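**Q** Before I ask anything, let me first share the structure, which is written out below as structure tokens.
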Amino acid sequence: MVNVNLSGLNVIQLGNLIRLRKISPVEVAKDFLRRIDMLEPRLNAFITRLDEHVIRSAREAEVEIMAGRYIGPFHGIPVGLKDLFWTKGIRTTSGSLLDGEFVPSENSAVASRLEDAGASIIGKLHMTEFAFDGTSRNHHYGPALNPWDTTRMAGGSSSGSGVAVASGEVPIALGTDTGGSVRVPASLCGITGLKPTYGLISRFGVTPLSGSMDHVGPLARTVEDAGIMLNLLS
């Protein structure tokens, strides 16, 4: 075990330490959960926390890695998902009470790819209702707050993704962008956000705002992290 604040590291750094077996995925998951405990619900970046799920996934990743079956830079990495990506058996609210108890029977394409890459989903993140707002307001779940100054807007509609990455609650997150919904929170929270070419990342299992304009994109601490996420999902 290395003596370092794991929640302060990016995906590349965490992945290298996991690959070299200097840290375990379980240590990583627990460190990020401690960070979430410290900051939530004040920042309100999460709609649904998945503490047990992420620990279970991390233990599975640890067993695989110790057996010599390391599969890449996301193996054992906690990831946050904007709460409009379908997750099998886990509620997906799309930021609305209308879908407040919706539990998908299948994964979105991106959730499946992340799980196949060994990533651990740590929670479903705050968003404006049905992604129809560029602010961080949500009348049902409250506002997500900018971690640098909680009196200021965090941006939207991928509000929780921007807040969680900027505050160190997750190393990387996914959002969607129709008219700025990845780029605005990334900008206002001081992180990297990417709106890829239309259709480059599958929108299967993503609650739509405008099917002809929706894009799936990463929010990350570094351009390099955003790049490896794009490579994985495209």
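**Q** Provide the per residue accessible area, probe 1.4 Å, for the range 99-234, rounded to a whole number of square angstrom. Before the final figure, lay out the partial values.
**A** Working: 5220 Å² over 136 residues.
About 38 Å² of surface per residue is accessible.
**Q** Considering lysine pairs in the chain that are 8 or more places apart or on different chains, how many have Cα atoms under 24 Å apart? Display every interim value, and only then the final one.
**A** Values: Lys22/Lys30; Lys30/Lys82; Lys30/Lys88; Lys30/Lys124; Lys82/Lys124; Lys82/Lys195; Lys88/Lys124; Lys124/Lys195.
For the chain, the number of qualifying lysine pairs is 8.
**Q** Moving on to the next point. In whole Å, how far is the Cα centre of the range 148-211 from that of the range 45-83?
**A** Using only Cα atoms, the two centres lie 21 Å from each other.
**Q** Remind me, what semi-axes does the range 53-186 give for its equivalent ellipsoid, largest first in whole Å, using sqrt of 5 times each Cα gyration tensor eigenvalue?
**A** On the way: eigenvalues 149, 57, 27 Å².
That gives 27, 17, 12 Å for the three semi-axes.
**Q** Right, next: State the antiparallel share, in %, of DSSP beta bridges confined to the range 1-142, rounding to the nearest 5. Kindly include the intermediate steps, with their values, before the conclusion.
**A** On the way: 4 of 9 bridges.
Beta bridges within the range 1-142, antiparallel portion: roughly 45 percent.
**Q** To continue, here is another question. Using only Cα atoms, what Kirkwood radius does the chain have, in angstroms?
**A** That comes to 17.0 Å for the chain.
**Q** Need one value: the accessible area of Ile228 in square angstrom, 1.4 angstrom probe, rounded to the nearest 10.
**A** 30 Å²
**Q** Still on this structure, I have one more. Pairwise over distinct Cα atoms, reciprocal of the mean inverse distance: report the Kirkwood radius of the range 52-128 in Å, one decimal place.
**A** 13.0 Å
**Q** So, one more: Determine the share of the chain's accessible area contributed by carbon and sulfur atoms, expressed in whole percent, with a 1.4 angstrom probe.
**A** After summing per-atom areas, the C and S share lands at 54 percent.
**Q** Applying the Karplus parametrisation 6.51 cos²θ - 1.76 cosθ + 1.60 with θ = phi - 60° to the phi angles of the range 221-234, what ³J(HN,Hα) value in whole Hz is obtained for each residue in order, glycine and proline being reported as x?
**A** Here the 3J(HN,Hα) series is 7, 9, 4, 4, 4, 4, x, 6, 5, 4, 4, 5, 8, 7 Hz.
**Q** How far, in nm, would the chain grow between Arg34 and Arg91 when pulled straight, counting 0.36 nm per residue and subtracting the alpha carbon separation?
**A** 18.2 nm
**Q** Ignoring ligands, DNA and RNA, how do Glu101, Glu115, Glu169, Glu224 rank by accessible area with a 1.4 Å probe, largest first?
**A** So, going from the largest accessible area down, we get Glu101, Glu224, Glu115, Glu169.
**Q** To the nearest 10 square angstrom, what accessible area does Met153 show with a 1.4 Å probe?
**A** Accessible area of Met153: about 100 Å².
The values are calculated or read from the model by the stated rules, or taken from the named source; none is laboratory data. Since the model is a prediction, treat every value here as computed from it, not as a measurement. These accessible areas exclude ligands, DNA and RNA; they are computed on the full protein's heavy atoms, side chains included. Shrake-Rupley method; radii C 1.70, N 1.55, O 1.52, S 1.80 Å.
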